[in-house]
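Participant: To start, I am sharing the structure in question, which I have written as structure tokens.
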Amino acid sequence: MRYISTRGQAPSLSFEEAMLTGLARDGGLYVPESWPQMSHDDIAALAGLSYEEVAFRVIKPFIGDTFSDEEFREILSKAYSSFEHDARCPLVQLGSNDFLLELHHGPTLAFKDVAMQLIGQMFDVALKRRGERVTIVGATSGDTGSAAIEAFAGLDAVDVFIMYPHGRVSEVQRRQMTTPDAANIHALAVDGDFDDCQAQLKNMFNDFDFRDGVKLAGVNSINWARVMAQVVYYFTSAVSLGAPHRKVSFTVPTGNFGDIFAGYVAKRMGLPIDRLVIATNQNDILHRTLASGDHSKTGVMPSISPSMDIQVSSNFERLLFDLYDREGAAISQLMDDLNSKGSFALSQGALGRLRDEFDSANCSEEETSATIRSTQDHFGEVVCPHTAVAIKAASEVRGNPGIPMIILSTAHAAKFPDAVEAACNIRPDLPPHMADLFDRPERVTRVDNDLSAIQELIRKGINQ
Ligand SMILES: *Cc1c(COP(=O)(O)O)cnc(C)c1O
């Protein structure tokens with residue numbers, strides 16, 4: 001499988017190259033040149049298999065012969081042995097035909113671990129084989145950073161620098177990034193919001209001297225390998241509930257559009273998905289886009305679901321690429337408009353296709369709290385605020401009641417204890433392996449929202 005850029009001006013790459021690179025050199029995102037197909041029988045054969053075996057079969061067509069079968073099975077086994085639940089991503093029944101897909105049983109208690117644990121192992125094997133070292137720089141709204149740190153801490157071939165918006169992540173999130181003591185891990189608190197951090201990351205990728213000088217690699221959700229790893233749990237959950245013999249729908253709490261785009265990929269591969277529901281908090285650019293076709297940025301408003309406090313939804317570009325018949329020039333134009341004017345308007349054709357696949361709903365701060373409370377009252381489940389946003393959205397956009405609705409539960413409630421306690425009077429406890437998080441010393445460098453200052457810190461950090 002070859003990978004092509006959404007902007008049509010960068011060379012096509014192998015899976016390994018696309019994974020190690022992150023962003024394409026024309027500013028676009030890498031996508032597979034075609035969607036691999038799983039037949040009805042291929043999907044039926046997934047029933048009863050382990051998570052790792054489903055992952056093997058779903059991912060294999062995307063990676064081709066990057067790793068031998070034996071090597072890849074070993075990678076998967078190492079990646080998911082860090083999960084606390086044997087099913088890795090278990091389903092919990094909520095209402096009569098509503099289910100929570102729990103994606104937070106990994107080491108940092110959020111769904112980012114599902115992809116990042118796998119990427120850590122794949123990078124390790126690929127870099128050792130190539131005899132290379134890379135510098136991973138990431139921007140995080142809270143959960144990607146800690147997941148990357150856990151996945152790469154102590155690996156020989158990588159240095160990791162994580163930028164997070166100073167003062168805008170929860171204390172648990174911050175401590176998960178600032179307390180690991182591996183020498184190859186560096187936390188940077190940037191004076192700005194998440195979109196600033198993400199913009200600086202893109203600036204670094206577009207500064208080719210810097211990019212080549214430090215051998216920059218990205219593991220943000222712009223990295224194709226992340227999306228790919230997330231496709232797996234759409235298959236495992238749908239098959240548990242009767243696919244391919246019956247359809248299922250998904251509701252996904254969305255920020256950067258990486259998680260729900262993986263659902264779209266699963267559908268393109270042949271998984272019978274009825275609706276994909278985009279759930280946003282008050283930062284609802286995607287909901288507004290679906291409603292009107294107008295994709296316009298407003299300021300980011302901090303919320304109690306901070307991992308979705310995003311206005312520049314990077315992976316949406318991958319969907320646009322399909323909505324515009326894979327015309328790189330059209331995507332370049334839209335992205336130029338977004339940069340220069342802060343907005344673009346979808347063509348009628350693209351908007352129609354978007355609405356054919358997706359529904360959307362937004363959720364206010366009050367509704368998020370009320371949903372945490374009502375979910376606890378009715379079902380005895382204490383959910384994180386991001387999950388609550390999705391539960392609310394699913395209830396609003398619930399289509400055919402005969403089709404199971406799978407709601408993605410993206411973080412453990414204990415990652416956001418203040419918001420959860422304020423909503424339902426229960427303070428969720430951290431699991432035992434993290435109980436001493438608040439006693440560990442923190443290590444972090446604060447930096448202005450300034451490209452050269454950040455680059456300077458990275459150059460120095462690598463040479464330590
Ligand atoms: C990252 C994150 C999201 C949003 O995922 P995207 O892929 O950015 O859409 C939702 N919930 C939690 C807990 C997250 O960490």
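Derivation of every value follows stated rules applied to the coordinates shown; laboratory data play no part. Keep in mind the model is a prediction, meaning the values are calculated, not measured. We place every Cβ from the backbone using ideal geometry, glycine too, and count neighbours over all the protein chains shown.
Participant: Just checking, does the range 403-423 include any residue being surrounded by 16 or more Cβ atoms within 10 Å (Cβ to Cβ), away from the ligand (no atom under 16 Å from the Cβ) and assigned to a helix (DSSP H, G or I)?
Facilitator: no
Participant: Check V383 against each of (1) within 13 Å of the ligand (Cβ to nearest atom); (2) in a helix (DSSP H, G or I) and name the one condition it does not meet.
Facilitator: (2)
Participant: Quick check: is even one residue across the range 382-395 touching a residue at least 40 places away in the same chain (Cβ under 8 Å) and loosely packed, with under 13 Cβ neighbours inside 10 Å?
Facilitator: No, that holds for no residue.
Participant: Determine if the range 425-437 includes at least one residue that is without any contact (Cβ under 8 Å) to a residue 60 or more places away in the chain and among the polar types (S, T, N, Q).
Facilitator: Yes, the conditions are met somewhere in the range 425-437.
Participant: Quick check, is S374 more than 23 Å from the chain's Cα centre (by Cα), assigned to a helix (DSSP H, G or I) and within 27 Å of F99 (Cβ to Cβ)?
Facilitator: It is true that S374 is more than 23 Å from the chain's Cα centre (by Cα), assigned to a helix (DSSP H, G or I) and within 27 Å of F99 (Cβ to Cβ).
Participant: Scan the range 298-311 for residues that are farther than 12 Å from T368 by Cβ, within 16 Å of the ligand (Cβ to nearest atom) and not aliphatic (A, V, I, L, M) and jot them down.
Facilitator: Once the filter is applied, which keeps residues that are farther than 12 Å from T368 by Cβ, within 16 Å of the ligand (Cβ to nearest atom) and not aliphatic (A, V, I, L, M), the range 298-311 yields P302, S307, D309, Q311.
Participant: Another question, if that's okay. Can you tell me how many residues within the range 186-218 are touching a helix residue (DSSP H, G or I) at 6+ places or on another chain (Cβ under 7 Å), touching a residue at least 24 places away in the same chain (Cβ under 8 Å) and outside any loop (DSSP other than H, G, I, E, B)?
Facilitator: Residues in the range 186-218 being touching a helix residue (DSSP H, G or I) at 6+ places or on another chain (Cβ under 7 Å), touching a residue at least 24 places away in the same chain (Cβ under 8 Å) and outside any loop (DSSP other than H, G, I, E, B): 11 in total.
Participant: So, one more: Which numbered condition trips up S221, out of (1) in contact with a Gly (Cβ under 9 Å, 6 or more places away or on another chain); (2) assigned to a helix (DSSP H, G or I)?
Facilitator: (2)
Participant: I'd like the full set of residues that are surrounded by 15 or more Cβ atoms within 10 Å (Cβ to Cβ) and under 18 Å from V227 (Cα atoms), limited to the range 60-82.
Facilitator: Residues satisfying the conditions are K60, P61, F62, I63, T66, F72, I75, L76, A79, Y80.
A quick yes/no check of all residues on (1) outside any loop (DSSP other than H, G, I, E, B); (2) crowded, with 20+ Cβ neighbours inside 10 Å:
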position	(1), (2)
H295	yes, yes
V300	no, yes
I310	no, yes
S313	no, yes
D322	yes, no
A329	yes, no
Q333	yes, no
A350	yes, no
D356	yes, no
